[in-house]
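The structure appears below as structure tokens.
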Amino acid sequence: MRFCSRQFGFRKWVTDPHNLDILAHYPWFTGNLKMTKSMRFDRRFTALIALALSLILPGIALGQETAGINVHGAWARENPLTGRNGAAYMVLENTGSADFLIGAQSSLAERVEVHTHIMDGDIMRMRKLDELTLAKGEVTTLAPGGHHLMMFDLKSPLVPEHSFPLMLLFKSGKTIEVDVEILSHKQAMDKAKGPASSQHH
């Protein structure tokens, strides 16, 4: 690692937030190693950097927590025809602050909406949701017969053993791009035999 020979240049480098996590791993930063004249700075400056670390590092940890939403196992059933509709399913794990799934976008479909199924007497009907609650610390499953992402007017067939990108949209303004695996009818039937979908809405 190369450092500026002048004290000012070194101070400028050492106060760069991108370098603070690197400095924390070096013995000389904590005073365990004698510094050369070209790298020497006073104890007040050391204290200042230590204070900066104490303020910045918790913020970094907080940012990792509030990033929050992890997506697992995104998939869709095969559909050999264009101009038809399809559906995408996945598991959404929220380890951060509460948020809401409000839709999605894909170059494969004209539009994508959040949908769910409800019972109307003895008939199961599909209903559009303006938002799907993703509570803090909860896992929400999008699965056949429950919540799902409805893709309208497919622009190309959904071919097994292929995948396509899908951009998830959240009320917080966050977006997450996921890769959706296309399963055959048999694979989809096996997948649908998993746990029932979570009903958070």
**Report entry** strands (runs of 3 or more DSSP E) contained entirely in region 100-201, each with at least 3 residues that are within 19 Å of PRO80 (Cβ to Cβ), out of contact with any helix residue (DSSP H, G or I) (no Cβ under 6 Å at 6 or more places or on another chain) and in the same structural domain as ALA76 (by TED's automatic domain parsing)
**Finding:** 148-154, 175-183
Query raised in the report: Within region 78-107, which residues are surrounded by 14 or more Cβ atoms within 10 Å (Cβ to Cβ) and either among the β-branched types (Val, Ile, Thr) or in contact with a Pro (Cβ under 8 Å, 6 or more places away or on another chain) (or both)?
Result: GLU78, ASN79, ALA87, TYR89, VAL91, THR95, ILE102, SER106
Requested in this report: Kindly list, by first and then second residue, each pair from a residue in region 140-162 that is without any contact (Cβ under 8 Å) to a residue 24 or more places away in the chain to a residue that is of a type in the set (A, V, I, L, M) and surrounded by 13 or more Cβ atoms within 10 Å (Cβ to Cβ), limited to pairs with Cβ atoms under 8 Å and residues at least 6 apart or on different chains.
Outcome: GLU161/ILE182; HIS162/ILE182
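The values are calculated or read from the model by the stated rules, or taken from the named source; none is laboratory data. Note that this is a predicted model, so its numbers are computed, not measured. Methodologically, a virtual Cβ is constructed for each residue, glycine included, from the backbone with ideal geometry; neighbour enumeration extends over all protein chains shown.
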